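Asker: Below you will find the structure I want to go over with you.
Here, each number is a calculation from the coordinates, and none is a lab measurement. Computed from a prediction, not measured in an experiment: that's the story for all the values here. Here the Cβ positions follow ideal geometry from the backbone for every residue, glycine too, while neighbour counts run over all protein chains shown.
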Amino acid sequence: MIVRRPLPVLPLCVCLAGLLFCLWVHLTGGESLCLTDGCALFQDFRLAGVSLWQAGIVLFSLLLALCLLRLVRIARVCAAFALAADALLLGVMLFTAPCVNCLIAALFIAAAFVALRRADASGGYPHRSPLLMLWGTLFLFALSGIIRDSAAPWSPMPQDGTTSVHVYFSPSCRACQTLVELAPRMKDARWFPVAEDSRDVWLIHAMDEALAAGATLPEAVRQAQNVVPGLADFDSAPGWRLGLLKPEMLLLQFRLWKNHARVLAAGSDRLPFVQYL
């Protein structure tokens, strides 16, 4: 008596969704989901003349055909090889740039692997897969890179149209103050404050309030210097340091950390830092 395997519905659905996604990115470029430069990098990446998305189309088409033929075990082996290759690609992203579209395709590959393992329960495989655990670790690292890269720097000044220059400055830096005085003439620049110490956080807070009241950036910096005490008086007044624990000040410090991280990521540790886009 011939026992006919049931049709693996879940793996079929996952493979079909992965196939449609790879087709969409291959035909359109998938720019609507791009959050980082990695999308452009891997969109044009080719290995032996074959793009990643063409390889994805072939992979999911093969898995789909094997599922329709009920060759679940062979499909599971193919998915395992694909997951291993994807883990290698995720490792490459850690040293280059993460790609949102690639991570979505990676999720489809992992989902297909998990679904096929469950459909092929007769194989007696262990509950945990070392390959899947390795892939998951690399995936989380790549995902954290996307979250980091997509976190835009914070500016207290509204953005008017597109800007070609980003200026990172500290309100207590002498060279920065000289550059800030030129802000009204630098129409295509956007300004991002960076705190070099605790006093700078209060200076930027006061500067933000002055800007909200209608002051220009040079005026706001000068007003902030008059509001916040000098460094010697600031260090001897514990109230200023305790004030940094207020919710709005904690939020401001988080925003300033993002700005400082952008400067460090660009390979600079000095202010002012001017970035041309």
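Asker: Just the Cα atoms of the stretch 172-232, one point each, no solvent: what log10 I(q)/I(0) does Debye give at q = 0.20 Å⁻¹?
Answerer: One equal scatterer on each Cα of the stretch 172-232 leads to -0.74.
Asker: Next up: From the residues 137, 67, 107, which one has its Cα farthest along the dipole of the chain in the positive direction, the dipole being from +1 and -1 charges on Cβ of Lys/Arg and Asp/Glu about the Cα centre?
Answerer: Final value for the positive-end residue is 67.
Asker: Provide Rg over Rh for the stretch 30-108; use the alpha carbon set for both Rg and the Kirkwood Rh (inverse mean inverse pair distance).
Answerer: Value, to two decimals: 1.01.
Asker: Moving on. Scanning the chain for helices, which whole DSSP H stretches are 18 Å or more long along the axis (Cα) and average -1.0 or more by Kyte-Doolittle?
Answerer: In the chain, the long hydrophobic H runs are 9-28, 52-68, 72-95, 100-119, 130-150, 198-212, 247-265.
Asker: Within 10 Å, at most 15 other Cβ atoms, and a DSSP state outside H, G, I, E, B define an exposed site. Report the longest part of the chain free of exposed trypsin sites (Lys or Arg not before Pro).
Answerer: Between the exposed loop sites, the longest stretch runs 188-269.
Asker: Rounded to the nearest 0.05, what FRET efficiency do residue 277 and residue 88 have when you use their Cβ-Cβ distance and R0 = 30 Å?
Answerer: 0.40
Asker: Stretched out fully, how many nm does the piece from residue 209 to residue 17 gain, at 0.36 nm a residue minus the Cα gap?
Answerer: Extra length available between residue 209 and residue 17 comes to 64.1 nm.
Asker: Pull out a ≥ b ≥ c, the square roots of the eigenvalues of the alpha-carbon gyration tensor of the chain, then state rounded if a/c is under 1.5, prolate if not and a/b is larger than b/c, and oblate in the remaining case.
Answerer: Since a/c reaches 1.5 and a/b is larger than b/c, the shape of the chain is classed as prolate.
Asker: Helix-only estimate, please: 222 nm mean residue ellipticity of the chain, summing -39500 (n - 2.57) across DSSP H runs of length 4 or more and dividing by its residues, to the nearest 500.
Answerer: Theoretical 222 nm ellipticity from helices: -20000 deg cm²/dmol.
Asker: Give, rounded to the nearest 20 debye, the magnitude of the charge dipole that the chain has about its Cα centre when Lys and Arg contribute +1 at Cβ and Asp and Glu contribute -1 at Cβ.
Answerer: The calculation lands at about 1400 debye.
Asker: Using amide H atoms built in the peptide plane, which far-off residues or other-chain residues are under 5 Å from residue 190 H to H?
Answerer: 165, 166, 167
Asker: Continuing with the same structure: Extension gain residue 181-residue 165, at 0.36 nm per residue separation less the Cα-Cα distance, in nm?
Answerer: 4.2 nm
Asker: Please give the FRET efficiency for residue 148 paired with residue 74, using the beta carbon to beta carbon distance and R0 = 35 Å, rounded to the nearest 0.05.
Answerer: Once rounded, the FRET efficiency stands at 0.35.
Asker: A further question follows. In whole angstrom, how long is each semi-axis of the equivalent ellipsoid of the stretch 169-277, when you take the square root of 5 times every eigenvalue of its Cα gyration tensor and sort them from largest down?
Answerer: Ellipsoid semi-axes (Å, largest first): 22, 17, 13.
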